[in-house]
Structures are given as C-alpha cells and as structure tokens.
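One structure below.
The values are calculated or read from the model by the stated rules, or taken from the named source; none is laboratory data. Here the structure is a predicted model, which is why all the values come from computation and not from measurement. We place every Cβ from the backbone using ideal geometry, glycine too, and count neighbours over all the protein chains shown. To get the accessible areas, we keep the full protein, side chains included, count just its heavy atoms, and leave off ligands, DNA and RNA. Shrake-Rupley method; radii C 1.70, N 1.55, O 1.52, S 1.80 Å.
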Amino acid sequence: MITSDRMAAVDRNAEALGVPRKQLMESSGNAVARGVRRLADPGAAVAVVAGRGNNGGDAFVAARFLDDYDVSVRLLGRPESIATDIARENWEALRTAEYDAETVTDSADLDLADPDVVVDGMLGTGVTGALREPAATAAEAINDLDAQVLSIDVPSGVDADTGESAGVAVDADRVVTFHDEKPGLQALDADVTVADIGIPEAAERFTGPGDLLALGRPSQSHKGDFGEVLVVGGGPYTGAPALAAQSALRAGADLVRVACPESVAREIQGYSENLILRPYDGDHLASEHVEDVLSLAAEHDVAVLGPGLGNREATLAAVEEFLEEYDGTVVVDADALQVVPGIETDATLLCTPHQGELRKMGGETDDDWRARSDLVAAFADDLGHVLLVKGAYDVISDGDETRVNRTGNPGMTVGGTGDVLAGAAGALACVLPPLQAAAVAAYANGRAGDEAVEANGYGLLATDLIDRLPAALRSETQ
C-alpha cells in the first residue's frame with residue numbers, strides 16, 4: 001500500500017536511480033493495454049479519454065499497444081497544455097502515426113460513440129477535489145455508456161488516498177494501478193490490478209530527490225506555518241546548541257529558540273543574531289529547571305533535546321523527567337539519548353544516535369548496511385520510536401518502515417555535523433511525520449556535506465553544511 005504523495009516521491013527516486021520516467025510510462029501504458037485485453041476481444045471498440053498529465057500519457061501509450069482494436073483517443077484540452085514532455089511526446093507519436101486521436105476543448109463536443117471499453121486516463125493519483133470541466137462532463141458521459149470502464153491508476157474524481165469523491169467520479173469496472181495499491185482503491189467496487197512497471201525496490205528504500213517533493217510551500221504562507229523549534233542544550237558546550245538552532249532555521253523553521261543555562265547564554269547568542277535565547281539559572285540543566293522548560297516546549301511544535309547538554313548525573317535525571325512529562329515531538333540527540341530506553345513517555349521521539357550511541361542505548365549494529373538495517377528496525381520496534389542511526393549509510397526506521405540514506409562523505413566525521421542534522425530534523429518534524437522528517441534530514445544533511453566537499457575538499461566545518469542546507473532541501477519543483 002502506498003499513498004499518492006509517497007508514490008510521487010518513489011517515481012522521482014526511480015528516475016534518479018537511472019530508470020527514466022519515459023520508460024515507466026511505456027510500461028504503464030502496456031499494462032493498461034493488457035487490462036483492456038482482459039475486458040474485450042480484438043476488434044472491439046475502445047474509447048480512450050485522456051487528460052493532459054502523465055495519466056493521459058499512460059493512456060496515449062496504451063493506444064499504441066491496441067492496434068488490433070478499434071481505438072479512438074480523445075484529449076481533453078489543447079496539446080500545447082499537456083503538462084509534461086513525455087506525455088506530449090506520446091501524444092505526438094499518435095498524431096504522427098495517424099491514429100484516431102482528436103482534441104476536445106469544449107465538453108459539449110465530446111462524442112464517445114458506442115464503445116465496448118472506455119479507458120479513463122483523465123486524472124491520476126496526484127489530483128484531489130471535485131472534477132472540473134471538461135472532465136466532469138466526460139465522467140458523466142462515461143458513466144452513461146453501456147461499456148466496460150477501465151481507469152488508469154485511480155478512477156478520475158476519486159481521491160486515491162481516501163476513496164472519496166467530492167462530486168461526480170468515473171464508475172470504473174476495473175482499475176490498473178502501478179507499483180503498489182493505493183489506499184483509496186479498497187473502498188471501490190471494482191477489480192484492481194497492481195502492475196509492476198519496473199520501479200526498483202531501491203526507489204523506496206533509499207532516500208532521494210523525490211523525498212524533497214513534500215517540502216513545497218503555498219504562496220499564501222504566513223509566519224508560523226512552518227513551525228517553531230525549541231533547542232534545549234548547552235552547559236559544558238556552546239557550539240552544539242548554536243549549530244542545531246541555526247540548522248533548524250536553515251531547514252525551514254520559522255522561529256527557533258534556545259533554552260540553555262544562563263552561564264552560557266551570551267556566548268551562544270554571540271554565534272548569530274538570529275538566535276532567540278531563553279536562559280535558565282545555573283550552569284547545567286537540572287530537575288529544578290524542568291517545569292519551566294516543559295512550559296516553554298509546549299509553546300513550540302518540536303523540541304530538540306541534547307546538543308551540548310553534557311552527561312552530568314543531574315542533567316540526565318532532568319532529561320528523563322522532561323521526557324516522561326512531555327507529550328509533544330522531540331528530536332533526541334547526543335548524551336540525552338542514553339536515557340531513552342529506560343523511560344515511559346507519551347512524547348513522539350526521533351532519536352539520532354551514531355553507532356556508538358546506539359550501542360550505549362542497548363541497540364546492535366553491523367558493518368553491513370543491510371544487516372544493520374534489520375537490527376535498527378528491530379530496535380526501533382522495541383523502543384516504539386523513530387531511529388536515525390548515522391553512518392556511511394544512515395538507517396532510518398520506526399520498526400515498520402525502514403529507509404536508508406547514502407548521501408554524505410568521510411569529510412563529515414568533523415564535530416558538529418550531528419548537531420546540524422538534529423536541528424534540521426527538528427525543523428522538518430514541524431511539517432512532516434517523524435520518519436519522513438528523519439529521512440529528508442539525513443538526505444539533505446549528507447547532500448550539503450557532499451556539496452561542501454565538492455567545493456572545498458575535505459576539512460569542511462559544520463557551518464559549511466548549514467550554509468548549504470537551503471539548497472540541499474530544494475527540489476526541482478520549487
């Protein structure tokens with residue numbers, strides 16, 4: 001089962017792995033044609049109704065695989081408005097080869113005659129809400145026909161994730177969907193075929209540019225829409241909380257505050273005028289500070305707990321107390337990680353250990369990333385929290401789903417890169433589910449490190465990653 005957003009990410013990741021979208025479209029169209037053959041014998045009349053997106057591109061390809069049928073193709077809209085190059089190329093292939101392929105710009109002009117099969121290729125999994133014209137009229141016309149209806153990926157007008165429709169929707173007899181079933185298809189009274197179109201398993205397992213597609217921003221965004229992060233850190237160290245806080249800002253959080261001992265507040269503030277400090281008395285976190293820190297954390301979307309806190313017994317006791325009382329989302333890093341296995345908490349935890357810290361938590365690791373993935377998944381399941389275990393191959397798991405990140409390089413062994421990752425994860429957890437936030441943070445952190453090494457060679461600084469985070473998080477659609 002895969003959601004429409006995740007499917008879009010996997011599709012893009014497959015392309016990054018060397019499987020072109022044009023090849024996937026060819027496989028999809030072929031699968032649709034096989035579906036038509038199950039519904040009608042050669043010679044039957046097949047009406048293909050196509051939209052201007054890649055769903056329509058799949059329909060154009062299907063028509064080429066049905067030469068022994070009486071096929072007509074109707075494009076809803078003008079060819080110049082077809083959304084992607086590959087869909088447009090497949091439309092032009094039909095026109096050049098002189099198929100019965102015509103455009104329909106006015107829904108009143110749509111005439112499907114009396115086909116035996118209708119292929120619904122109007123809208124795919126990425127479209128939600130009520131159908132607009134001419135698709136709404138076309139859906140009604142399709143439903144009025146005495147014909148078998150095959151929808152590509154999802155019936156037009158049906159939400160692929162919920163199975164609901166906001167108005168008229170195509171009433172399909174059969175659905176050919178790709179790679180994996182979509183959640184909303186379970187609610188339909190239709191035969192569903194899942195077609196393997198050649199997307200490699202690695203497109204789901206490994207992070208890639210597709211994972212960044214979730215980070216788009218509406219044009220009418222306002223301050224606070226993308227989260228407020230509280231970094232709880234500092235004491236023996238000042239650089240770590242400053243790095244985490246600056247990283248959270250660079251990763252997209254709207255506001256970041258640092259709760260730290262008063263003894264180091266001025267030093268942390270001195271790293272950047274963008275940091276907002278919330279100091280508490282003393283020179284380290286202790287139990288007497290927990291109530292105030294909890295109140296402050298409640299005003300934020302995510303807390304990042306651990307950078308620079310140190311491992312004093314009193315500090316670890318305070319960390320334990322905080323986690324047992326808190327019920328929000330927390331990125332747990334550095335020395336704070338060691339208390340996680342022994343606590344009961346209602347908080348949602350995203351833990352970011354390196355392999356040494358993982359062992360200190362009671363987890364196991366392995367030199368082979370595949371074996372390590374299994375071990376991390378089992379430990380995440382035992383803990384009931386998300387783990388992001390850092391290494392040459394980062395492993396991210398919540399026990400049910402596991403992803404692996406391959407960005408990054410040996411130059412990132414320098415101190416502070418983990419603090420940058422924790423801050424980025426905190427910002428992303430404001431807008432994404434924890435597992436997805438961890439995967440995107442790992443990918444972007446490593447990508448920033450790769451760009452820093454490419455520019456300057458080894459000997460990079462953690463601040464080099466912070467400077468490159470915005471570009472590392474930008475997808476080609478932004």
Starting at 0 and stepping by 10 Å, how many percent of the alpha carbon pairs of the stretch 151-212 end up in each bin? 22, 43, 27, 8
Ratio Rg/Rh [Cα only; Rh per Kirkwood] for the stretch 419-466: 1.04
Per-residue accessible area for D419 at 1.4 Å probe radius, Å² rounded to 10? 20
How much accessible surface area, in Å² rounded to 10, belongs to the heavy atoms of D161 with a 1.4 Å probe? 60
In whole Å, how far is the Cα centre of the stretch 356-429 from that of the stretch 256-327? 24
Mind jotting down the three principal axis lengths of the stretch 280-382 based on Cα atoms? Whole angstrom, largest first. 46, 25, 19
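Consider all pairwise Cα distances in the stretch 270-327 and report the whole-number % of them above 15 Å.
Percentage above 15 Å: 51.
Determine the per residue accessible area of the stretch 48-100 with all protein chains present and a 1.4 angstrom probe, expressed in square angstrom.
Details: 2250 Å² over 53 residues.
Accessible area per residue, the stretch 48-100: 43 Å².
How big is the Kirkwood radius of the stretch 213-310, worked out from every pair of different alpha carbons and given in Å to one decimal? Let's see the in-between values first.
Numbers: mean 1/r = 0.0732 Å⁻¹.
When all Cα pairs of the stretch 213-310 are included, the Kirkwood radius is 13.7 Å.
Give me the net charge of V36's neighbourhood, meaning all other residues with Cβ under 11 Å from the Cβ of V36; Lys, Arg count +1, Asp, Glu -1.
Details: positive: R34, R37, R38, R174; negative: D41, D68, D116.
Every neighbour counted, the sum reads +1.
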Between helix 54-64 and the chain: long-axis angle, C-alpha atoms, 0 to 90°, nearest 10: 40
So what's the back-of-envelope 222 nm ellipticity for the chain, counting only DSSP H runs of four-plus at -39500 (n - 2.57) apiece and dividing by all residues, rounded to 500? -12000 deg cm²/dmol
Per-peptide average of other Cβ atoms within 10 Å, ordering 76-83, 346-353 highest first: 346-353, 76-83
On the accessible surface of the chain, probed at 1.4 Å with all protein chains in place, carbon and sulfur together account for a percent value of 41
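For the chain, what is the charge dipole size about the Cα centre, in debye to the nearest 20, if Lys and Arg each add +1 at the Cβ and Asp and Glu each add -1 at the Cβ? Before the final figure, lay out each step's value.
On the way: 34 positive and 82 negative charges, 300 e Å.
With Lys and Arg at +1 and Asp and Glu at -1, about 1440 debye.
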Residues with beta-carbon under 10 Å from that of D346, excluding D346: net charge, scoring Lys, Arg +1 and Asp, Glu -1? -4
Here the Cα Rg-to-2.2 N^0.38 Å ratio for the stretch 321-360 is 1.10
The helix 135-144 Cα axis meets the longest alpha-carbon principal axis of the chain at an angle in degrees, between 0 and 90 and rounded to 10, of 50
Along the three principal axes, how long is the stretch 325-471 when you take its alpha carbons, biggest first, rounded to the nearest angstrom? 45, 32, 25
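Find the all-direction average of the projected area of the Cα convex hull for the stretch 81-220, expressing the result in square nanometres with one decimal place. Write out the running numbers ahead of the final one.
Values: hull surface 43.3 nm².
Spelled out: convex hull of the Cα atoms, projected over all directions, averaged, 10.8 nm².
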Using the alpha-carbon atoms, what tilt in degrees (0 to 90, nearest 10) does helix 4-16 show relative to the longest principal axis of the chain? 90
For the stretch 435-478 versus the stretch 119-139, the gap between their alpha-carbon centres in whole angstrom: 38
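Please give the peptides 138-146, 314-322, 213-221 ranked by average Cβ packing (other Cβ atoms within 10 Å per residue), highest first, as a rough proxy for protection. Present the calculation step by step, with values, prior to reporting the outcome.
Numbers: 138-146: 17.3, 314-322: 20.1, 213-221: 11.6.
Ranked from most to least packed, the peptides come out as 314-322, 138-146, 213-221.
Can you list the equivalent-ellipsoid semi-axes of the stretch 1-115, largest first and in whole Å, using the square root of 5 times each Cα gyration tensor eigenvalue?
On the way: eigenvalues 121, 60, 35 Å².
Semi-axes, largest first: 25, 17, 13 Å.
Taking 2.2 N^0.38 Å as the expected size of a compact globular protein, what ratio does the Cα radius of gyration of the chain give against it, to two decimals?
On the way: Rg = 26.3 Å, N = 478, 2.2 N^0.38 = 22.9 Å.
So the Cα radius of gyration is 1.15 times the expected 2.2 N^0.38 Å.
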